[in-house]
Amino acid sequence: MANKRIIISYAILVSVGLAITFFADSNKEIRSQGVNHNATALTTDKRTSLDLSPQMKMHQLANMRSHVKAVQSIVGLIADNQFNEASAVAHTKLGMTEGMGKMCNKIDNDDFKKLGKTFHKSADTLANILKTKDTKKSLQALNTTMGYCVQCHEVFRQ
């Protein structure tokens, strides 16, 4: 039981860290586009820009925020031994649904599309593993899925 609590605590810390990193990056991006344009922020950020329109940026940010909320929900459901519910969240909110596939295809960067689709497919794998009700394997699968989040944020910016 203590091991399970440690694993769940670790997963929550990773989720919070990812969320903080994501929101810090998006806040820096928003500040750099404001009235007090910060050229240094843009020149030191070596990530690949996706060159999104303002509307598409907002849509993409909303999508990523919903992904962070889904991960938080999955961690909480695992902690409460609600694996079937966690599986449903993983599939519907993170998985390769028709809508997610269309969203990925709207971005004109093949590397981003490939990484995004790999992320969404890993979430479907996560959903299947969650159905086994194996906490350790579920958290390992969640770690894999979140690894794609980290990789994407390391490589790309809006």
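The values are calculated or read from the model by the stated rules, or taken from the named source; none is laboratory data. Bear in mind that the values here come from a model prediction, so they are computed numbers and not experimental data. Cβ sites come from the backbone with ideal geometry, for glycine too, and all protein chains shown count toward neighbours. Heavy atoms of the whole protein, side chains included, go into the accessibility calculation; ligands, DNA and RNA do not. Shrake-Rupley method; radii C 1.70, N 1.55, O 1.52, S 1.80 Å.
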*Could you pull out the residue among 61, 77, 50, 139 that is touching a Ser or Thr at 6+ places or on another chain (Cβ under 7 Å) and either open to solvent by less than 50 Å² (accessible area, probe 1.4 Å) or hydrophobic (A, V, I, L, M, F, W, C) (or both)?*
61
_residue 77 vs. criteria under 26 Å from residue 144 (Cβ atoms), modelled with pLDDT of 95 or more and touching a Leu at 6+ places or on another chain (Cβ under 8 Å)_ = no
*Any idea how many residues of segment 97-123 are free of Cβ contacts under 8 Å to residues at least 24 places away in the same chain and either within 14 Å of residue 60 (Cβ to Cβ) or surrounded by 11 or more Cβ atoms within 10 Å (Cβ to Cβ) (or both)?*
10
